[in-house]
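Input: a single structure, listed below in structure tokens.
Where a number appears in this text, it was derived from the coordinates with a stated rule and is not lab data. None of the values given here were measured: they were computed from a predicted structure. Because the Cβ atoms are built from the backbone with ideal geometry, glycine has one as well, and the counts that use them run over all protein chains shown.
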């Protein structure tokens, strides 16, 4: 698994600075940093022959416009409807104007968003329809790859020296996941109401706001992807034969809950709590081979079952 450089933690200015450094390497020293442009946008610019973009053997030549779009969400995607709508409403008219004024031939869009093949083809087609000679859509995967290949650049990130908010032993969770994986396989064909034991209305209206879990993360990740597996976890933990693993589960959850209450101010929102916990647990890759997706599911179950995360403002202040 490629390293996540947590670009969502950067400020907009820090992200723009990173994109400029990458652009200087790809294009050349003549890159102009991001500055206010026509219609209020902030563009970076370059005119000339690129060093090695899109490749050293076939570098582009002409007038480049660079645009950086930063998101504070760890699950942001180019496929997000709101993002695509913003491109069409705000960005595309600006690019069209620059093309018409002969100020832009090649356009490079940077965003710390996941980029699927379908979204890339769609946005590239829309950009080329504006009259560009070339259009390039850079997602978080490419940015992480660039940082991985250039450690000296990664060290310049403002969060590169961040101290871990806290430490914990993921061994108990890994054991539970391994046992749960085998148990789930045995009951893979069973149908169940995944959310029957969870007060989803109360979680949305009370628990999420108190803990700082965003609506998008809860709906797009927990509800859409994890919650349908909660019934299996509940059956597993209630099965008398799994008493040993139930104790491991509660020991791990109790440790996490106490440390999260003590160190909650180290995280901007609970989305980042999940990202931190996932990274710590899945670091034991060999033990979790073929089971890694259960890491997020079990952590989300802990939250919805109120084993981690506070339930009231009084608990948070305690």
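Segment residue 291..residue 24, full-extension length gain: 92.0 nm, with 0.36 nm per residue of separation and the alpha-carbon distance subtracted. Counted residue by residue at 0.36 nm each, then reduced by the alpha carbon distance between them, the extension gain from residue 134 to residue 103 reaches 9.8 nm. The GNM of the chain, with springs linking C-alpha atoms under 10 angstrom apart, assigns the highest mean-square fluctuation among 61, 16, 286 to 286.
What percent do you get for the relative contact order of the range 216-314 when only Cα pairs under 8 Å and 6+ apart count?
Contact order relative to length: 43 percent.
Helix-only mean residue ellipticity at 222 nm, the chain, DSSP H runs n ≥ 4 weighted -39,500 (n - 2.57), per residue, nearest 500. What is it? One gets -12500 deg cm²/dmol as the mean residue ellipticity at 222 nm. Taken along the Cα-to-beta-carbon direction at a fixed 7 Å, the label points for residue 124 and residue 251 span 5.2 nm. Going by neighbour counts of Cβ atoms within 10 Å, the residues 49, 275 line up, fewest first, as 49, 275. Taking the range 212-254 and a reference point 7 angstrom along Cα→Cβ of residue 268, the backbone N atoms nearer than 20 Å belong to 212-222. Distance between the modelled labels on residue 13 and residue 150, one decimal in nanometres: 2.1 nm (7 Å Cα→Cβ projection). Here the range 73-152 is treated as a sphere whose radius is the Kirkwood value from Cα pairs; by Stokes-Einstein at 25 °C and 0.890 mPa s it diffuses with a coefficient of 183 µm²/s.
Could you tell me which label, among (i) 27; (ii) 44; (iii) 33, carries the value of percent of Cα pairs over 35 Å apart calculated for this structure? Among (i) 27; (ii) 44; (iii) 33, the one derived from this structure is (iii).
As a ratio to 2.2 N^0.38 Å, the alpha-carbon radius of gyration for the range 171-317 is 1.01.
Scattering from the range 7-154 was approximated by placing one identical point on each alpha carbon and applying the Debye formula without solvent; log10 I(q)/I(0) at 0.10 1/Å stands at -0.31. Normalising the average separation of contacting C-alpha pairs (under 8 angstrom, six or more residues apart) by the number of residues puts the relative contact order of the chain at 15 percent. Of all DSSP-defined beta bridges confined to the range 46-188, some 25% are antiparallel rather than parallel. For the peptides 249-255, 128-134, the ranking by mean Cβ contacts within 10 Å, running from highest to lowest, is 249-255, 128-134. How do 138, 75 line up, fewest other C-beta atoms within 10 Å first? In increasing order of surrounding Cβ atoms, one gets 75, 138. Taking the chain as a Gaussian network of alpha-carbon nodes connected by springs under 10 Å, the highest mean-square fluctuation of the residues 152, 71, 283 belongs to 152. Equivalent ellipsoid of the range 247-318: semi-axes from √(5λ) of the C-alpha gyration tensor, largest first, are 23, 13, 10 Å.
Of all DSSP bridge pairs formed entirely within the chain, close to 45 percent run antiparallel.
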